[in-house]
Amino acid sequence: MTGPAGPLPPVAWSTVRFGAGAGAAAGVPVLLGWRSADGAGLARAWLLVCREAPGRGPVRPAGDGVPDVHLWADPDGGPGGHWAEFADVLVTRTALPPGAARKRARALLARHPGALVAVVPHTAGGCVVAVRGAPVVWCAGPGARPSRPPVPPCLVGSVLHAWLAAGGPLGAVRAVLPGAPTRAAPRQLGGVPHG
């Protein structure tokens, strides 16, 4: 997988912070950082949410700017594959047809009871995201901005994990889109140092 700063590691600690307020298109700015044995990086994204969730009223940015820290891991082995047993977000690197990706994402959550989110890239250019306890899986498509690549699957999983951990309703999520490239200082994430 490749992110804004180059190859993304198969195992990393991720820190996600939601920005204050929603934009005109109900987008919540997101700052993501990750750290692994191979290095660290920062990225920006937009979490698009509907203005109101059925039965819950207005949707606001989750967590009031408090960062969510969690572990993502590739459950298919390779360097660090054993970390999948402890991961909050599971992310495979092999793209599958959409139907097979859905089955694989569900199977990952069944096999790893500690994970909240499983992400499997699909051959149509997006990824399938399964969330524990949700009746269906959520499909993320390619980036809506042709000038920017889609958000890497591990970062999609991290954004959704942070949203859900902060009490955000899954039904309000519409998309995770790429943000502008960042040169933000690691201290902006707070909590865990990333630089």
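The values are calculated or read from the model by the stated rules, or taken from the named source; none is laboratory data. These numbers come from a predicted model, not from an experiment. Glycine gets a Cβ as well: all are built from the backbone with ideal geometry, and neighbour counts include every protein chain shown.
Could you count how many residues in the range 129-151 are at pLDDT 90 or above and within 16 Å of L47 (Cα to Cα)?
Selection size over the range 129-151: 1.
Please specify each residue of the range 1-26 satisfying the condition of being in a strand (DSSP E or B) and either surrounded by 20 or more Cβ atoms within 10 Å (Cβ to Cβ) or modelled with pLDDT of 90 or more (or both).
If the condition is that a residue be in a strand (DSSP E or B) and either surrounded by 20 or more Cβ atoms within 10 Å (Cβ to Cβ) or modelled with pLDDT of 90 or more (or both), then V11, A12, W13, S14, T15, V16, R17, F18 are the ones that fit.
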